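To start, the structure under review is shown below, and the notes come after it.
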């Protein structure tokens, strides 16, 4: 006895698959989702890196206040050595060993009774074109943006 073959589904030239219209609709949907999702994801990552830089700035601020409480001035210690925290863990953001530095924390101005800390973006990498620019923090707690690239506000960047 011969097995029965259904010829209606096995006709020559009748292949099952996607039509060109179905394929094009899929491509358009993926394109629209990518146009929305990728910039949103990038902003999410940048916001996290900005938050880390702000945390490092605040750690540097606490270090400076401890330095002041020991030396009664911000610019040098009791022996006359200028203040420097280049070897501290908060000198880069993220800290050394946790990935490439997106920001470098430094003292941009320092005097006996005042200082300004700056988180400077790396000139290469993801944060180089970040719209918030560089962050500054003073001994009085004043937060600001330096070299701001776009119309982002202080409140947008210092969350």
FRET E, pair residue 29, residue 126, Förster distance 41 Å, beta-carbon r, rounded to 0.05: 0.90
Using Cα atoms only, what is the angle between the long axis of helix 20-71 and the major principal axis of the chain, expressed in degrees (0 to 90) to the nearest 10? 20 degrees
Contour minus end-to-end for residue 96 and residue 158, with contour as 0.36 nm per residue of separation and end-to-end as the Cα-Cα distance? 20.0 nm
Within segment 42-70, what residues put their amide N at less than 16 Å from the label point 7 Å along the Cα-to-Cβ vector of residue 113? 68-69
Return one quarter of the surface area of the convex hull spanned by the alpha-carbon atoms of segment 15-84, equal to its mean projected area, in nm². 7.8 nm²
I need 127, 24 ordered by Cβ neighbour count within 10 Å, fewest first. 24, 127
If packing is taken as the average number of other Cβ atoms within 10 Å across a peptide's residues, how do 139-145, 60-66 rank, most packed first? 60-66, 139-145
With each label point set 7 Å from Cα along the Cα-Cβ vector, what nm distance links residue 55 and residue 142? 2.8 nm
Just to be sure I understand, if you calculate mean projected area of the Cα convex hull in nm² for this structure, which of [x] 10.6; [y] 17.5; [z] 11.9 do you get? [y]
How much mean residue ellipticity at 222 nm does the chain get from its helices, if each DSSP H run of length 4 or more adds -39500 (n - 2.57) and you divide by all residues, to the nearest 500 deg cm²/dmol? -12500 deg cm²/dmol
What number does segment 81-159 give for Rg over Rh if you use C-alpha atoms and the Kirkwood radius? 0.98
Ranked from fewest to most other Cβ atoms within 10 Å of their own Cβ, 112, 159, 47 fall in the order 159, 112, 47
Taking neighbour counts of Cβ atoms within 10 Å as a proxy for exposure, in what order, fewest first, do 26, 138 appear? 26, 138
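A short reminder: the numbers here are calculations on the coordinates, not readings from a lab. Given the structure is predicted, the values throughout are model-derived calculations rather than measurements. Cβ atoms come from the backbone with ideal geometry, glycine included; neighbour counts cover every protein chain shown.
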